[in-house]
Amino acid sequence: MRTTWNFNTADQLVFGQNAIDELGERTQQMGARRLLIVTDKTLVGAGLVERVRVPLDEAGVVVEVFDGGA
């Protein structure tokens with residue numbers, strides 16, 4: 001049975017009030033032009049996915065959302 005795990009993360013985590021407003025710019029800095037958001041219908045219905053999508057759209061990043069399908 002496995003007893004240890006590795007967790008690899010990005011070199012920088014940004015957090016704080018309204019940090020999400022920087023998402024589009026930071027995504028562009030990474031060179032990303034397209035992004036896939038994997039979520040569920042509950043988060044979509046709560047408006048959280050739209051909150052993430054807006055700064056990405058404004059930055060010209062093409063966003064697709066997968067919420068589990070039918």
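The values are calculated or read from the model by the stated rules, or taken from the named source; none is laboratory data. Computed from a predicted structure; not experimentally measured. Ideal geometry is used to build each Cβ from the backbone, glycine not excepted, and the neighbour counts take in all protein chains shown. Side chains included, ligands, DNA and RNA excluded: accessible areas come from the protein's heavy atoms. Shrake-Rupley method; radii C 1.70, N 1.55, O 1.52, S 1.80 Å.
Please give the net charge around Arg51, taking every other residue with its beta carbon less than 14 angstrom from that of Arg51, where Lys and Arg add +1 and Asp and Glu add -1.
Residues near Arg51 contribute -4 overall.
Between beta-carbons, use under 14 Å as the cut-off and find the net charge around Gly68, counting Lys and Arg +1, Asp and Glu -1.
So the environment of Gly68 carries a net charge of -2.
Normalising by the residue count of the chain, find the relative contact order in percent from Cα pairs under 8 Å and 6+ residues apart.
38
When the helices in the chain are scored as -39500 (n - 2.57) per DSSP H run of 4 or longer and the sum is shared across all residues, what 222 nm value do you end up with, to the nearest 500 deg cm²/dmol?
For the chain, the value works out to -8500 deg cm²/dmol.
Could you give the length gained by full extension between Ala46 and Val62, i.e. 0.36 nm per residue of separation minus their alpha carbon distance, to one decimal place?
Between Ala46 and Val62, full extension yields an extra 3.6 nm.
What trypsin sites (Lys or Arg not before Pro) does the chain have in DSSP loop regions with at most 12 other beta carbons within 10 Å?
Arg2, Arg33
Can you tell me the equivalent ellipsoid semi-axes for the chain? Use √(5λ) from the Cα gyration tensor, largest first, whole Å.
Calculated on Cα positions only, the semi-axes equal 23, 19, 13 Å.
Report the local net charge at Lys41: Lys and Arg +1, Asp and Glu -1, summed over other residues whose C-beta lies under 14 Å from its C-beta.
Here the count lands on -3.
What percentage of the solvent-accessible surface of segment 14-65, computed with a 1.4 Å probe over protein heavy atoms, is contributed by carbon and sulfur atoms?
Working: 2020 of 3860 Å².
Taking all protein chains in place, segment 14-65 shows 52 percent carbon and sulfur surface.
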